[in-house]
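Worksheet: the structure to be examined is printed underneath.
Each reported figure results from applying straightforward, stated rules to the coordinates on display, with no laboratory input. Computed from a predicted structure; not experimentally measured. Cβ placement follows ideal geometry from the backbone for every residue including glycine, while neighbour counts extend to all protein chains displayed.
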Amino acid sequence: MKKPPYKAYRKKEEKEAPVQIPDKIDTPEAKQLVDDLYKIGTYLITHWKKIFAVVVAFLIVGGGYLSYMWYQNSIEVKASQLVDEGLFKLEKGKIKEALQLFSEAEKKYPEAPSTLIARFLKGKLEKNSDEFRYLAYKNKYIVSPPSKTSLTADYIEKGQLTEAEKLFSTLKRDKDWTYPEALYDSIIVALRKGDRKKALELLEILKGDYKDLPITIVAEKLVE
């Protein structure tokens, strides 16, 4: 009898890889790690009440801060709506309606950033120096510097030159962005007092630090 024209393939027996059991870790570092973990666990179990109290206090403080920020933001949103509407009216030349909206923002949200800007605009539109006097010492980057210079200009116009000089002394070069305007006003005060030497000194400061500003050119012509 003939053999079949094919070869019989016998399935290879699959051998499982031997399971390797890691050697026992018995080094000083491993012992130290176990000891540290044990100490941490013991500390947490022993002082869990204090830890829980700290976590709760943190959540309360954090939640209070977030609530305060949300409240402040909601006030600013409402104030900005009134002020934006007032600016729109102002753009259309409806000054009376704009002032009414600014006053409403001042009444409802007196400390909102948008309201402080509205008060500055009110001071300009109504020529009310009380608004500038209020804002000048609020220590607000946007409204305080121009309020100081606006108040200085008001003092100069009324001939209160000493008051203008006192106010100028409160402005700082690195803090108040209206410092060049304050220098210009100080030059005017010096000239009105007849102190040309001081006017020249102030002009040199203005020319040295702010030589490219139009206000510097005007100051040069005044001193000349």
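Sort out which residues of the stretch 132-190 are acidic (Asp, Glu) and not in a helix (DSSP H, G or I), and write them in order of number. If you could, list the steps in order and put the result at the bottom.
Going residue by residue through the stretch 132-190, those that are acidic (Asp, Glu) are 154, 157, 163, 165, 174, 176, 181, 185.
Across the stretch 132-190, the qualifying residues are Asp174, Asp176.
What is the residue count in the stretch 187-209 for residues that are without any contact (Cβ under 8 Å) to a residue 24 or more places away in the chain and within 18 Å of Glu157 (Cβ to Cβ)? Give the derivation first.
Step one: filter the stretch 187-209 for residues without any contact (Cβ under 8 Å) to a residue 24 or more places away in the chain, giving 190, 194-195, 197-198, 200-205, 207-208.
Still in the running and within 18 Å of Glu157 (Cβ to Cβ): 190.
The qualifying residues number 1.
Between a residue in the stretch 122-135 that is closer than 15 Å to Ala105 by Cβ and any residue that is buried (at least 18 other Cβ atoms within 10 Å of the Cβ) and of a type in the set (A, V, I, L, M), which pairs come within a Cβ distance under 6 Å, given they are 6 or more apart or on different chains?
Leu135/Val143
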